[in-house]
Amino acid sequence: MLYYLFEYLDKTMDVPGTGVFQYITFRSALALILSLMISTIYGKKIINFLRNQQVGETVRELGLAGQTQKAGTPTMGGLIIIISTLIPVLLLTKLNNIYIILLIVTTLWMGTIGFIDDYIKIFKKDKQGLKGIFKVIGQVGLGLIVGSVLYFHPGVTVRERSTTPITFNQTQNEISQAPTESKSTVTTIPFMKNNELDYAKILEWTGDGYENWAWLVFIPIVIFIITAVSNGANLTDGIDGLAAGTSAISVLALGIFTFISGNIILSSYLNVMYIPNSGEMTVFISAFVGALVGFLWYNSYPASVFMGDTGSLTIGGIIAVLAISVRKEMLLPVLCAIFFAENLSVILQVSYFKYTKKRFGEGKRIFLMSPLHHHYQKKGYHESKIVTRFWIVAILLAIVSIVTLKLR
């Protein structure tokens, strides 16, 4: 909203200084500061409200150190993240940008699913919360919306590669060669020299006109990614500061990719796919990072509030949509390897237990407990040490991901 106000003041009334709002970098910095202030200053008030409403965590007895002390800690703290993200986004972004619209829808959609889940756990006294099938339906529904919009919306395009390099004429302040924009299902393969993959090519065997049916491949892939990443973030949210900290690191790395992909000069220089209008997502990312860091103020050990599914499902959904929008979804197994490790640990644990029980009559386990962070708790590591080491791993993964800009 402020963006449109200052745009009007700049173009109509020529008010000095208002033109600075045209710069993504300025609005991103402002969004980061604003979201950080909202989450830290008003976060305490939200926590007190949740405590007054007796929105406390119900802790299951799992035999973990320090577990009983967490009982009664306010949950649904994901509301702090959502509110602190959306306010700067509504004030500082171009609200007619299709990517911003998708991210706002994702935030509200996944936040609602998580809120319903937390509400059932707390007020209905059902520890299972929202049944898994309904969570999956919600995730699939979001995947259908995101996949359909990214495939069919005319505003979602990419720049076709050109053999003629694009240069910037500083004298005339213009680009020497205008990019050719087109609808495409092309994505980026990390660590590869010729690093573009067109999902439509998967249907090439069907004959001529296969491009018209590319959505049959693209949309299911989007659904799978959103479901996997949101569930991974949900499983990672098990100890104080783990999900918020690792997510902030991953999102910050995605912000670098987004800024480069949305800038025609930088994308050309680094030989990265140029995605028109995607740079606006940098403002959203800055607000999101500020909200996550501000939330950590209260969520770091010992936590004053838990994010609950309201926060974890929202975080996973946003990360997935960001990666898909900027055509970096194939980088997620590296960038969000912690999420996938948590997911994989649960899958392996359950599968191996069922297999050994069926074959030997007694179930055996690979890990002392899953998800993975609980395994280290069972080994005697303090949760703050586990979280710090997971953060370090997340930083290394983010660096490796950023290095893929040049390492091919």
**Prompt:** For residues in region 313-345 being touching a Gly at 6+ places or on another chain (Cβ under 7 Å) and not acidic (Asp, Glu), which is surrounded by the fewest Cβ atoms within 10 Å (Cβ to Cβ)?
**Reply:** Phe340
**Residues of region 114-124 that turn out to be assigned to a helix (DSSP H, G or I) and open to solvent by 20 Å² or more (accessible area, probe 1.4 Å), as a count** = 6
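Residue-wise test of (1) surrounded by fewer than 16 Cβ atoms within 10 Å (Cβ to Cβ); (2) without any contact (Cβ under 8 Å) to a residue 12 or more places away in the chain.
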{"residue": "Thr356", "(1), (2)": "yes, yes"}
{"residue": "Arg365", "(1), (2)": "yes, no"}
{"residue": "Leu368", "(1), (2)": "yes, yes"}
{"residue": "Leu372", "(1), (2)": "no, no"}
{"residue": "Tyr376", "(1), (2)": "no, yes"}
{"residue": "His382", "(1), (2)": "yes, no"}
{"residue": "Lys385", "(1), (2)": "yes, yes"}
{"residue": "Thr388", "(1), (2)": "yes, yes"}
{"residue": "Ile392", "(1), (2)": "yes, yes"}
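Restricting to region 327-373, name every residue that is over 30 Å from Asn277 (Cβ atoms) and not in a helix (DSSP H, G or I).
Hits for region 327-373 are Gly361, Glu362, Gly363, Lys364, Arg365, Ile366, Phe367, Leu368, Met369, Ser370, Pro371.
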**Asked** If you check Ile219, Ile226, which single one turns out to be under 17 Å from Lys201 (Cα atoms), touching a residue at least 40 places away in the same chain (Cβ under 8 Å), open to solvent by less than 30 Å² (accessible area, probe 1.4 Å) and part of a helix (DSSP H, G or I)?
**Response** Ile219
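Residues are listed down the side, and each one gets a yes or a no for (1) among the aliphatic types (A, V, I, L, M); (2) not in a helix (DSSP H, G or I):
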{"site": "Asp208", "(1), (2)": "no, yes"}
{"site": "Val251", "(1), (2)": "yes, no"}
{"site": "Phe259", "(1), (2)": "no, no"}
{"site": "Ser268", "(1), (2)": "no, no"}
{"site": "Asn271", "(1), (2)": "no, yes"}
{"site": "Ile275", "(1), (2)": "yes, yes"}
**Request:** Run down Leu397, Leu348, Leu407 and say which single residue is open to solvent by less than 80 Å² (accessible area, probe 1.4 Å), more than 18 Å from the chain's Cα centre (by Cα) and aliphatic (A, V, I, L, M).
**Result:** Leu348
**Prompt:** Which of the residues belonging to region 1-18 are open to solvent by 80 Å² or more (accessible area, probe 1.4 Å) and either assigned to a loop (DSSP other than H, G, I, E, B) or not basic (Lys, Arg) (or both)?
**Reply:** Met1, Tyr4, Leu5, Tyr8, Thr12, Met13, Asp14, Pro16
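The values are calculated or read from the model by the stated rules, or taken from the named source; none is laboratory data. Computed from a predicted structure; not experimentally measured. Using ideal geometry, Cβ is built from the backbone for each residue, glycine included, and neighbour counts are taken over all protein chains shown. Protein only, heavy atoms only, side chains kept; ligands, DNA and RNA dropped before computing areas. Shrake-Rupley method; radii C 1.70, N 1.55, O 1.52, S 1.80 Å.
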